[in-house]
Amino acid sequence: GQNIDQPTEMTATEGAIVQINCTYQTSGFNGLFWYQQHAGEAPTFLSYNVLDGLEEKGRFSSFLSRSKGYSYLLLKELQMKDSASYLCAVRGPGAGSYQLTFGKGTKLSVIP
Amino acid sequence: SAVISQKPSRDICQRGTSLTIQCQVDSQVTMMFWYRQQPGQSLTLIATANQGSEATYESGFVIDKFPISRPNLTFSTLTVSNMSPEDSSIYLCSVVQGESYEQYFGPGTRLTVT
């Protein structure tokens with residue numbers, strides 16, 4: 001089975017840095033996605049990690065440790081528009097699988 | 001990435017009726033999927049829409065309740081049949097292009113069943 005854990009809610013200050021963690025226990029792992037979802041809107045793709053390490057994309061970075069079953073999304077220079085839910089999703093099982101299993105999401109509130 | 005549209009964007013339906021949701025992509029895609037997002041919950045995969053053949057359903061979802069069509073590489077429909085209030089949810093299609101595993105989501109259809 002698939003089990004993905006994220007904090008339910010987080011609050012951070014505009015201009016600061018926030019780290020959103022995701023841990024997973026899955027029967028098969030072939031990559032981890034992060035999506036951003038504003039209230040009432042569809043999820044938008046942020047990152048996809050397959051190998052261990054940090055991948056940076058502008059203000060957003062994503063880290064993966066497969067041996068620890070752990071990932072985090074790092075948001076720098078927070079802006080009010082970053083207030084949204086952040087969804088962690090694991091791809092698998094099966095190397096060719098497109099199936100995504102989502103965590104419940106972390107609702108981030110950015111305050112002035 | 002592909003531009004994905006869904007129709008309708010929202011609807012209010014009476015229990016016992018059916019609603020067909022359309023997903024249109026502006027370019028050919030490799031894979032199309034249908035998800036459900038119940039109020040306050042995360043996304044759950046309903047099925048993979050296979051072009052020219054029957055959809056592949058996830059555990060807990062059946063074809064009689066959620067018939068799916070995918071007649072070509074840019075279009076798919078999901079029907080929610082014999083609706084009950086428990087079917088009130090956002091239904092989203094997602095697509096994969098080329099050899100990538102990255103999935104992109106449509107804007108969603110917000111369904112309320114009364």
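The values are calculated or read from the model by the stated rules, or taken from the named source; none is laboratory data. The structure presented is a predicted model; accordingly, all values stated were derived computationally and were not measured. A quick note on method: Cβ atoms are made from the backbone with ideal geometry, for glycine too, and the neighbour counts reach across all protein chains shown. Ligands, DNA and RNA are stripped out before the accessible areas are found, and what is left, the full protein with its side chains, is counted by its heavy atoms. Shrake-Rupley method; radii C 1.70, N 1.55, O 1.52, S 1.80 Å.
Quantify how strongly other chains surround peptide A:35-45 by giving the mean number of their Cβ atoms within 10 Å of each of its Cβ atoms. Could you put the intermediate results ahead of the total?
On the way: counts 5, 0, 5, 0, 0, 4, 4, 14, 10, 3, 6.
Shielding by partners across A:35-45 averages 5.
Pick out, in residue order, every one of the trypsin sites (Lys or Arg not before Pro) in region A:1-99 that is DSSP loop and has at most 10 other C-beta atoms within 10 Å; say none if there are none.
On the way: sites: A:K57, A:R59, A:R66, A:K68, A:K76, A:K81, A:R91; in loops: A:R59, A:R66, A:K68, A:K76.
Within region A:1-99, the qualifying trypsin sites (Lys or Arg not before Pro) (loop, at most 10 other Cβ atoms within 10 Å) are A:K68.
Just A:G92, A:G69, A:G40 to compare: in a GNM of chain A, with alpha carbon springs under 10 Å, which one fluctuates most?
Of A:G92, A:G69, A:G40, the most mobile in the Gaussian network model is A:G40.
Please go through region B:5-114 and write out the GluC sites (Glu not before Pro) that DSSP classes as loop and that have at most 12 other C-beta atoms within 10 Å.
B:E99
Just the number please: accessible area per residue for chain B, 1.4 Å probe, all protein chains included, in Å². Working shown, then result.
Details: 5370 Å² over 114 residues.
Using a 1.4 Å probe on heavy atoms only, each residue of chain B averages 47 Å².
Karplus couplings for region A:96-112 from phi (6.51 cos²θ - 1.76 cosθ + 1.60, θ = phi - 60°), rounded to Hz, Gly and Pro as x?
x, 6, 9, 5, 10, 10, 9, x, 6, x, 10, 8, 9, 10, 9, 10, x
At R0 = 45 Å, how high is the FRET efficiency between A:R59 and B:L73 if r is their beta carbon distance? Nearest 0.05 is fine. Before the final figure, lay out the partial values.
Details: r = 35 Å, r/R0 = 0.78.
That gives a FRET efficiency of 0.80.
Would you mind working out the magnitude of the charge dipole of chain A relative to its Cα centre, with +1 at each Lys and Arg C-beta and -1 at each Asp and Glu C-beta, to the nearest 20 Debye? Let's see the in-between values first.
Values: 9 positive and 9 negative charges, 38 e Å.
So the magnitude is around 180 debye.
Computed from the mean reciprocal separation of all distinct C-alpha pairs, what Kirkwood hydrodynamic radius does chain B have, in Å? Walk me through the numbers on the way to the answer.
Values: mean 1/r = 0.0715 Å⁻¹.
By the Kirkwood definition, the hydrodynamic radius is 14.0 Å.
Give, in whole angstrom and from largest to smallest, the semi-axes √(5λ) of the equivalent ellipsoid of the protein assembly as shown, with λ running over the eigenvalues of the Cα gyration tensor. Display every interim value, and only then the final one.
Working: eigenvalues 176, 83, 52 Å².
Value: 30, 20, 16 Å, ordered largest first.
What is the set of long-range amide H partners of A:G31 at a cut-off below 5 Å, with H atoms built 1.01 Å from backbone N?
When sequence neighbours closer than 5 places are left aside, the close amide H contacts are A:R91.
If the cut-off is a Cα-Cα distance under 13 Å, which aspartates and glutamates reach A:K104, setting aside same-chain residues fewer than 8 apart in sequence?
Output for A:K104: A:D5, A:E9.
Using modelled amide H (1.01 Å from N, peptide plane; none on Pro or chain starts), what sits under 5 Å from the amide H of A:Q99, excluding residues fewer than 5 places away?
Answer set, sorted by chain and number: A:G92.
What FRET efficiency comes out for A:E41 versus A:R66 if R0 is 35 angstrom and r is the Cβ-Cβ distance? Round to the nearest 0.05.
Numbers: r = 31 Å, r/R0 = 0.88.
The calculated FRET efficiency here is 0.70.
Under the Karplus relation 6.51 cos²θ - 1.76 cosθ + 1.60, θ = phi - 60°, what is the ordered set of whole-Hz ³J(HN,Hα) values for region B:32-39, x standing for Gly and Pro?
Here the 3J(HN,Hα) series is 10, 9, 10, 10, 10, 10, 6, x Hz.
Express in Å², to the nearest 10, the accessible area of B:M32 obtained by rolling a 1.4 Å probe over the protein heavy atoms while all chains stay in place.
Accessible area, nearest 10 Å²: 0 Å².
Just tell me how shielded B:104-111 is by partners: mean number of partner chain Cβ atoms within 10 Å of each residue's Cβ, no decimals. Before the final figure, lay out the partial values.
On the way: counts 5, 7, 1, 3, 5, 0, 1, 0.
The shielding value for this peptide is 3.
Find the centroid of the Cα atoms in region B:23-60 and in region A:58-105, then give the distance between the two in whole Å.
Centre-to-centre (Cα) distance: 20 Å.
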